[in-house]
Amino acid sequence: MAKVVVIPNYNNKLMSDIFCHVASPPANAFVSSDFPIRVAVRMDGGSMTFYANIISLVRFGCYDAPSSLCMMSHGMDGDEIVKWWIANVEGGSVEDDLCAYIFKKVDSPLPPQDGDQVETKTELF
């Protein structure tokens, strides 16, 4: 059973074969041998679902959010995403750590099953 992550389609990123999503960092550390991590991605508010591998992640402080990754993820620069994070994430703070997850779509004919675990928008792990 694949973990289903719900991701908003900011910046139309889910149409790309490789895309970036900025969210809360994982609770546990990952090492290079953990990758790729296969997940099912469901577009927030939609029924589009596909499989993808998380091929890498980059952890950073909210105050130091890299504009290049934030632009790919949310269509905002680093300063804008800090303001967005504080305004839109419950308990969001400039002191939070964030993580850019790099996804690569995987060809698969099997959609996720109804019983798959669905995660929140801001926490993938």
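Between a residue in the range 85-100 that is touching a residue at least 24 places away in the same chain (Cβ under 8 Å) and any residue that is surrounded by fewer than 17 Cβ atoms within 10 Å (Cβ to Cβ) and among the small types (Gly, Ala, Ser), which pairs come within a Cβ distance under 6 Å, given they are 6 or more apart or on different chains?
Here the result reads 97/61, each pair linking the range 85-100 to a residue that is surrounded by fewer than 17 Cβ atoms within 10 Å (Cβ to Cβ) and among the small types (Gly, Ala, Ser).
Condition test on residue 38, is it in a strand (DSSP E or B) and in contact with a Phe, Trp or Tyr (Cβ under 9 Å, 6 or more places away or on another chain)? Walk me through how you get there before you give the answer.
Details: in a strand (DSSP E or B): yes; in contact with a Phe, Trp or Tyr (Cβ under 9 Å, 6 or more places away or on another chain): yes.
The answer is yes for residue 38.
Let me confirm something: among 40, 65, 29, 23, which residue is among the aliphatic types (A, V, I, L, M) and under 14 Å from residue 106 (Cβ atoms)? Full working, then the answer.
Details: 65 fails: under 14 Å from residue 106 (Cβ atoms); 29 fails: under 14 Å from residue 106 (Cβ atoms); 23 fails: under 14 Å from residue 106 (Cβ atoms).
Testing whether each residue is among the aliphatic types (A, V, I, L, M) and under 14 Å from residue 106 (Cβ atoms) leaves just 40.
Does the range 1-38 hold any residues that are in contact with an Asp or Glu (Cβ under 8 Å, 6 or more places away or on another chain) and basic (Lys, Arg), and which are they? Quick ask: steps written out before the conclusion?
If we filter the range 1-38 for residues that are in contact with an Asp or Glu (Cβ under 8 Å, 6 or more places away or on another chain), which is where we start, we get 1-9, 23-25.
Answer for the range 1-38, where residues must be in contact with an Asp or Glu (Cβ under 8 Å, 6 or more places away or on another chain) and basic (Lys, Arg): just 3.
Of all residues in the range 57-94, which are surrounded by fewer than 16 Cβ atoms within 10 Å (Cβ to Cβ), outside any loop (DSSP other than H, G, I, E, B) and of a type in the set (S, T, N, Q)? Write out each step before concluding.
As a first pass, look at the range 57-94 and keep what is surrounded by fewer than 16 Cβ atoms within 10 Å (Cβ to Cβ): 58-59, 61, 63-64, 67-68, 75, 77, 79-80, 83, 86-88, 90-91, 93-94.
Restricting the remaining residues to those that are outside any loop (DSSP other than H, G, I, E, B) gives 58-59, 61, 63-64, 67-68, 79-80, 83, 86-88.
The answer is 67, 68, 88.
Mind listing whichever residues of the range 1-19 are part of a helix (DSSP H, G or I) and either in contact (Cβ under 8 Å) with a residue 40 or more places away in the chain or β-branched (Val, Ile, Thr) (or both)?
Of all residues in the range 1-19, those part of a helix (DSSP H, G or I) come to 10-15.
The answer is 10, 11, 13.
So which residues in the range 20-35 are touching a Leu at 6+ places or on another chain (Cβ under 8 Å) and not in a strand (DSSP E or B)?
Those that are touching a Leu at 6+ places or on another chain (Cβ under 8 Å) and not in a strand (DSSP E or B): 25, 26, 30.
Throughout, read-outs are computed from the coordinates displayed, never taken from laboratory work. Small disclaimer: the values here were computed from a predicted structure and weren't measured. Every residue, glycine as well, gets a Cβ built from its backbone with ideal geometry; the counts of neighbours run over all protein chains shown.
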